[in-house]
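First the structure, which I've put down as structure tokens, then a few questions once you've had a look.
The numbers here are math on the coordinates, done by the rules we state, and not lab data. In this text, all values refer to a predicted model and were calculated from it rather than measured experimentally. Don't worry about glycine lacking a Cβ; one is built from the backbone with ideal geometry, like all the others, and counts go over all protein chains shown.
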Amino acid sequence: MKHSILYILILALCLNVSCKSDKKEVPNEADAVVTETESEIKTQDNTTTKERPAYYDETKKVIVVLDPKSNSGVKGNVVIKQEKGVVSMIAVLSGLTEGEHAIHIHEKADCSSDDGKSSGGHWNPTAQQHGKWGDATGYHKGDIGNFSANANGQATISKITDEWCIGCGDESKDILGKAIIVHQGVDDFKSQPSGAAGSRVSCGGIIE
């Protein structure tokens, strides 16, 4: 009888140890979910919260009305949107002469003068020389570039960049309070400081 009781106790002890061993091998389900979620975020975004600019999650939209300047008939509308730290711009213009013209962002949202010069010079917060956008030797943050108008004097310009923001407060990126200027001529990307693009034929302030 004593042997039977001893056998039962040993068997019970073995089962208890086995259960504890199995329990340790089971992963924590909550930890597994967190790890998978973090992995998905990093895969989709490739940035961590600390790496994102403060305005990253701010969605903003500004509509700029371009009015004729320098006795031209050039007018249009520009839609500027900010999403996930990236700004997109689409400008639709009319009243142009057929061919190439330049478009830039200028220092001030002031289009009060007839020649558009009240908007100041090119927006150049990083104090670079004038040049084609992306040029390794330097370019202004306002150097959008050239575009072509069709035989009817119409044109559409688009741009996407993370070098701008709308109302973020970063002086090197914030386009709010600046102006969009359309020029009669072509930007040669060489002449300093404006590219010799000629008269300002349309102007619109970037304001909320």
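Can you list residues from other chains, or at least 5 along the same chain, whose modelled amide H is less than 5 Å from the amide H of His106?
When sequence neighbours closer than 5 places are left aside, the close amide H contacts are Trp123, Ala179, Ile180, Ile181.
Taking 18 Å as the cut-off for C-alpha to C-alpha distance, list the pairs among Lys108/Lys132; Lys61/Lys84; Lys117/Lys178; Lys81/Lys132; Lys84/Lys132 that go past it.
Violating the 18 Å limit, Cα to Cα: Lys108/Lys132; Lys81/Lys132; Lys84/Lys132.
May I ask you to give the average projected area over all directions of the convex hull of the Cα atoms of the range 52-142, in nm² rounded to one decimal?
The directionally averaged projection comes out at 7.3 nm².
Over the range 56-112, what is the mean sequence separation of C-alpha contacts under 8 Å (at least six apart), divided by residue count, expressed as relative contact order in percent?
The value is 29 percent.
Using packing as a proxy for protection, rank 139-146, 160-167, 197-204 so that the peptide with the highest average count of other Cβ atoms within 10 Å comes first.
Ranked from most to least packed, the peptides come out as 197-204, 139-146, 160-167.
Under a crude label model (7 Å from the Cα following the beta-carbon direction), how far is Ser112 from Glu163 in nanometres?
Modelled inter-label distance: 3.1 nm.
What does the net charge come to around Lys190 if you take all other residues with beta carbon closer than 14 Å to its beta carbon, with K and R at +1 and D and E at -1?
Net of charged neighbours comes to -3.
Moving to a separate point now. Dimensions of the range 58-208 along principal axes (Cα, Å, largest first)?
If we take the Cα atoms of the range 58-208, the spans are 38, 31, 27 Å.
Give, as a single signed number, the net charge of other residues whose beta carbon lies under 14 Å from the beta carbon of Gly116, with Lys and Arg counted +1 and Asp and Glu -1.
Summing Lys and Arg as +1 and Asp and Glu as -1 gives +1.
What three numbers, in Å, describe the spread of the alpha carbons of the range 141-208 along their principal axes, ordered from the longest?
39, 28, 19
What are the ³J(HN,Hα) values, in whole Hz, obtained from phi via the Karplus relation 6.51 cos²θ - 1.76 cosθ + 1.60 with θ = phi - 60°, for each residue of the range 94-101 in sequence order, with x given for Gly and Pro?
Rounded to whole hertz, the list is 8, x, 7, 7, 4, x, 8, 9.
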